[in-house]
Amino acid sequence: MDTRKHIKTVIALIALVHSLSAQAADWELAGLQKIGEIQPYDYRCGPVRQQSGGVQLVAEHIVRFANASYLRLSFSAWQIADGGWIEVQSLADGETEYLDTAILERHCGLSAFFNGEAVRLRFYAASSPELQSFRVHEVAVGLAQAAHAPLSLCGVDDRVPSQDKRVARIVLNGAYCKCTAFLISPRNCFATAGHCFGNFTILSMAVEFGVPPSDAQGNCQHPPVAQQYKWMGSNKRIYEDAGMGDDWAVFTTEKNSVTDLHAGQAQGAYFRFVPVPALNSSLRVTGHGVDTTPDATRNRTQQTSTGPLVEVDGTVLRYRVDTMDGNSGGPVIDVQTDRVVAIHTTAGCKAQTDSNKGTWIYHPDFLDACDELCGPPDWGNFDRITAPPSGCGGSGIRRLDRVVAGHNAAASRQDLAMRQQHADGIEYLLAARVRQATRLESIEILTGAMQSSPIRVPVSLFLADATGGPSTTRVSGGELLAPPGARWCRATIEPVELPAGTKVFVGLSAPSSGMVWPVLEAGSAGTHWERSAFATRGPLRLEPWAFRLRGSEPGAAVVPAIQNAGVPTPGHDFDILADQLPARAPAILVQGYSHTSWGSLRLPLPLRSFGGGDCKIGVSHDSTFVHGADAEGRVKHRVRIPPLRGIGGVSVYYQWLVLDARANALGLSMTDVACARVGHD
């Protein structure tokens, strides 16, 4: 490098340092309370050459800052042979982290936070002809905490300690416990407030679960290394910091250095979303705010409080729930459903007046950011296999009004997220394919009006055109009445005969821009089109709408129908149903891991030669479950998917066998085969 270029580089670096210092100063002037500071440190280990074979302890060093409440080390210039590591151990509580080259690179040279004023470093070097070394150049040092004036208490401080494993504390730049965050996916996606990231430079960030009590002076204590997750880099966040109602953020973290798991995998829980409840509904805010009552051990630990929702203004929710500095970014939870309705962002509550505020969780830009950064969740799916068909008819109770198509027909209100906001002049077209010859008689949507009075919604039915998209010729239709709240709403249509396999589109045109459509949080992704006076767009992919088509099937023999409620997601239950059985008939659910072979037998196995008519065994008999149908000819079996890593993508096959003496000489009727594919956690 020539001299002039070298001088320019040095000047640029000096300018950058001054810029960061100025921004940090502005940050402090804004009223943020520091819990620590970055101190320079210079410990150089090595270079050493270790060629004695195996792994040897070659160096040990104590890092100590008197009276510090915690330490976090910054490493640089590491040269560590494969198989070697650095051990960092707190002398206060023995918590230990092991750092090899891969972990140091993934975490940008940062250790976890360790409680106390001292840690011990040990360097275990693997045998290698190369020189090995590392350096500690900075240490984040915990400072004594000062009292903090109440900012947003709605009278008496009603916060109580809590242990919600979906909620975490954010530590920025090793020195500030500025905010709270919460998990919104089963793997690795967090939400928080946008101002937690705005107006300053973030050099590092840690997310901590299971935060322990602070010490007697209120100094923050840190959880075990296995509950700390590191982040660094602007490509791991999307945020908006534009004031009330436009204050949100989405981010991800690296895997934990001990467990090698993402946060959602380790915690085994996350928040789902819910529409805005009625005014005066009870809300809960959970977070890591400052506190000195009844003593300082609660300072910046997880606490929760409840209070009423008092106003909804666009994407701003106002509520009288106690919070303090550090609660920003925490979940605002609908107590009735335990689902998130907003992100807490803004103080303002006083003893008798005003309120605290948050950003609506269905803010469109926030939802887009979730999809972009975290990707759509894979919840698994449940689909019938009808090629070749395995089911065969019997004397069951015919449903003259049965579900013949749709998305997750057995969904309930609890599976919903209010995701789609209708725009004037737009017709949404939902694609479905009827499974067998059907006389279609009605259409149902799981929906509701987000206002106090019902809304009348025109419903149309279109066939597919030659391209597979919606045609412009309306073949049937009707009208549904959408009441306040979410429930199944039916539109009776002019009956239309549809051959098996016909693709149809359900068209919905709400006359109000305030109409909000629920979609399923769980289920196979749906396909829809949007049509205006100017163009038709599609297919578009998103979470599936909750809708179903109902009709009747012609034919003498009644084929039992296999259905599902919910989908197979790790850590959750779902139900496998059968309908159209004889009243109180014995039914056997067969579970298998193959639908092509059963031992030496090829599947499906026809049973005609045994007197079984058109029945075919379509599943390997690995497990069986015996049930009895109810008086309406329905039966249900609940399946529990364990919360285990590595089972995502596993497929399991199911078929119901029904004892029906009038079905055929063998006395059996059967459903088709269904495949349950387990989602990824």
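So here's what we get for this one:
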quantity: Whole-Hz ³J(HN,Hα) from phi, Karplus 6.51 cos²θ - 1.76 cosθ + 1.60, for the stretch 360-374, glycine and proline x; calculated: 3, 5, 9, 3, x, 5, 4, 5, 4, 5, 4, 5, 5, 7, 9
quantity: Accessible surface of the stretch 278-332 [probe 1.4 Å, protein heavy atoms]: carbon and sulfur percent; calculated: 46
quantity: Accessible-area value, Tyr593, 1.4 Å probe, nucleic acids and ligands omitted, Å²; calculated: 140
quantity: Over the stretch 84-209, volume per residue of the alpha carbon convex hull, in Å³; calculated: 175
quantity: Asn219 long-range amide H proximity, modeled H, under 5 Å; calculated: Gln145
quantity: Accessible area in square angstrom per residue, the stretch 39-184, 1.4 angstrom probe; calculated: 42
quantity: Rg to Rh quotient for the stretch 304-343, alpha carbon positions, Kirkwood Rh; calculated: 0.92
quantity: Estimated distance in nm for a label pair at Thr624 and Asp260, the labels positioned 7 Å out from Cα along Cα-to-Cβ; calculated: 4.2
quantity: Amide H contacts of His572 (H built 1.01 Å from N, under 5 Å, at least 5 apart or other chain); calculated: Ile641
quantity: Protein-only accessible surface order, largest first, of Ile238, Ile443 at 1.4 Å; calculated: Ile238, Ile443
quantity: Solvent-accessible ranking of Trp231, Trp85, Trp360, largest area first, probe 1.4 Å; calculated: Trp85, Trp360, Trp231
quantity: ³J(HN,Hα), Karplus 6.51/-1.76/1.60, whole Hz, each residue of the stretch 74-80, x for Gly, Pro; calculated: 10, 9, 8, 6, 7, 9, 10
quantity: Translational diffusion coefficient (Stokes-Einstein; Kirkwood radius from C-alpha pairs) of the stretch 221-260 at 37 °C, 0.692 mPa s, in µm²/s; calculated: 270
quantity: In order through the stretch 306-314: 3J(HN,Hα) via Karplus (6.51 cos²θ - 1.76 cosθ + 1.60), integer Hz, x for Gly, Pro; calculated: 10, x, x, 7, 10, 6, 10, 10, x
quantity: 4 °C / 1.567 mPa s Stokes-Einstein diffusion coefficient of the stretch 232-377, Kirkwood radius on C-alpha pairs, µm²/s; calculated: 80
quantity: Mean projected area (nm²) of the alpha-carbon convex hull when the stretch 161-235 is viewed from all directions; calculated: 5.7
quantity: Fully extended contour minus Cα-Cα distance, from Asp354 to His137, at 0.36 nm per residue; calculated: 73.4 nm
quantity: Interchain or long-range residues, amide H under 5 Å from Ser594's placed H; calculated: Ser620, Tyr653
quantity: Förster radius 45 Å - calculated FRET efficiency between Ser281 and Ser532, Cβ distance, rounded to 0.05; calculated: 0.80
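The values are calculated or read from the model by the stated rules, or taken from the named source; none is laboratory data. Keep in mind that this is a model prediction, so the values were computed, not measured. Note that each Cβ is placed from the backbone with ideal geometry, even for glycine, and that neighbours are counted across all protein chains shown. Note: areas computed on protein heavy atoms with side chains; ligands, DNA, RNA excluded. Shrake-Rupley method; radii C 1.70, N 1.55, O 1.52, S 1.80 Å.
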